[in-house]
1. Just one of (1) surrounded by fewer than 13 Cβ atoms within 10 Å (Cβ to Cβ); (2) in a helix (DSSP H, G or I); (3) in contact (Cβ under 8 Å) with a residue 12 or more places away in the chain trips up residue 265, so point out which.
2. Count, please, the residues in the stretch 283-329 that happen to be more than 19 Å from residue 372 (Cβ to Cβ) and under 35 Å from the mean Cα position of the chain (by Cα).
3. From the residues in the stretch 300-322 that are modelled with pLDDT of 95 or more and aliphatic (A, V, I, L, M), which one is surrounded by the fewest Cβ atoms within 10 Å (Cβ to Cβ)?
4. So, restricting to strands (runs of 3 or more DSSP E) that lie completely within the stretch 1-106, which ones have at least 1 residues that are more than 23 Å from the chain's Cα centre (by Cα) and modelled with pLDDT under 90?
5. Restricting attention to helices (runs of 4 or more DSSP H) lying wholly within the stretch 119-190, give those where 1 or more residues are crowded, with 17+ Cβ neighbours inside 10 Å and touching a residue at least 40 places away in the same chain (Cβ under 8 Å).
6. Quickly run through the stretch 276-319 and pick out the residues that are free of Cβ contacts under 8 Å to residues at least 12 places away in the same chain and either within 21 Å of residue 391 (Cβ to Cβ) or part of a helix (DSSP H, G or I) (or both).
7. Condition first: under 30 Å from residue 168 (Cα atoms) and of a type in the set (Lys, Arg). Can you find one or more residues in the stretch 231-238 that meet it?
Amino acid sequence: MASMDTWIVDIPETNNRKSINYSPKIVNKSLTSKYLKVDVKFEHFVQKVIENKYYGIIKEPIELVEVSSSCGKLRGDRLKFAIPYAGKVFTCTALFNSLCPEIGPDFEFSDKTFLQDPEIQVLEKYVPGFINWDNTDSESLIKVLGQFITYYKQHQIDKLGLINERLEASFTNLREKIDTSDIELILLPDVNNPIEAHIIIRINLNFTKFIDKFTSFNNEVAMLHVVFHGPSWIKGVPQLLLSSKLLDLFNGTYRIQPLTSIKVLGTYILDLKRRLNDKMLSIVKNYMEKKEFVTGLLLVQGKSLIEYDSEDFSFITIMLDHEGFHYLVYFKLTDNYPDEAPIIKLQSIYHLYKNEPIVYPVEGLTYSKKCDSFECVTKTLAHIDVRVAEGFKQLCIRLARSQ
């Protein structure tokens, strides 16, 4: 999103600049010539709106996309905002009047089916900030925009039953299992003649057990975007939306199961949430187990250290000595550790075979994931020293002599 100082809109040249009272900061993009700025009388309202950088389920900013004037070419009192909603953009234009700034604005919406001829009782119930506009409160505009979006969601929900009973039943099932504040719904192209229903569901994940390098994940979110297609509305197509950090955590991908029935959307979400939490906890557990193994090896053989992965603890290399024969020991810890044993390879620092280092995999290691890391380290080193090192030494000598 552009900063406040970069929003500009071009308008034709005029000689009346000195008589106009406008904000030097809030300006906006358009298609004509020179600059149109938000009237200073409304700057404090706009400031609070554009400060809100994390709006709606998807946590994207509201953007000021157009400024126009109703009563003076350099007085911007028509302010169009693009509001993120259900993966789409809902535009709302606040119609202020620079000649009567104390009067609250009227509003226009991109969806012409919304609030066509509202009754005063409806507005009092759902948009009280519009009826009781407070010109002294700088947050009046952002409050009203939020109330409009909340009612816009209800407007979409109210139309579901008229479109398809199964779709309405599925959404009701979803609301029984997921808080409505974590759901956004939109019917496209409009609620009167829709051919698609888009549902965005925020999946609140459990980060309470995240420690060490994972503490920065506490504000990350996952969402499910489900699209139902008319006229049958039977089968939904789900798409999992992950933040960049979560995507990296899952190594760039996470497969989800197909949504087999419209009736099970609520159950599907709960199952997906459980799977994601389990996956995250297994990743954290894997990291901590690898860290404990590497730490244990450093405690026992710290003076023999060559290198190790200090970020993910996925590998460590040490150098050991067997009766004057020095060799490297490579430990690789996979993403499935401790369910899978460490991958261990030996390499002579003296010998080559066909101009390549002699590398030997360690096999036959008795391994149990139930052992603690220190016990695993000591048993592994003992196994290498007693059962493997001498044989590896003799192998290196034979291979070197055979060339």
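The values are calculated or read from the model by the stated rules, or taken from the named source; none is laboratory data. What you are looking at is a predicted structure, and each value in this text was computed from that prediction instead of being measured. With ideal geometry, Cβ positions are generated from the backbone for all residues, glycine too; neighbour counts draw on all protein chains shown.
1. (1)
2. The number of residues fulfilling the criteria is 9.
3. The residue in question is 306.
4. Numbers: elements: 63-68, 78-85, 88-95.
No strands (runs of 3 or more DSSP E) qualify here.
5. In the stretch 119-190, the matching helices (runs of 4 or more DSSP H) lie at 140-163, 165-177.
6. Filtering the stretch 276-319 down to residues free of Cβ contacts under 8 Å to residues at least 12 places away in the same chain leaves 278, 282, 285, 302-303, 307, 310.
Scanning the stretch 276-319 gives 278, 282, 285, 302, 303.
7. Yes, the stretch 231-238 has at least one match.
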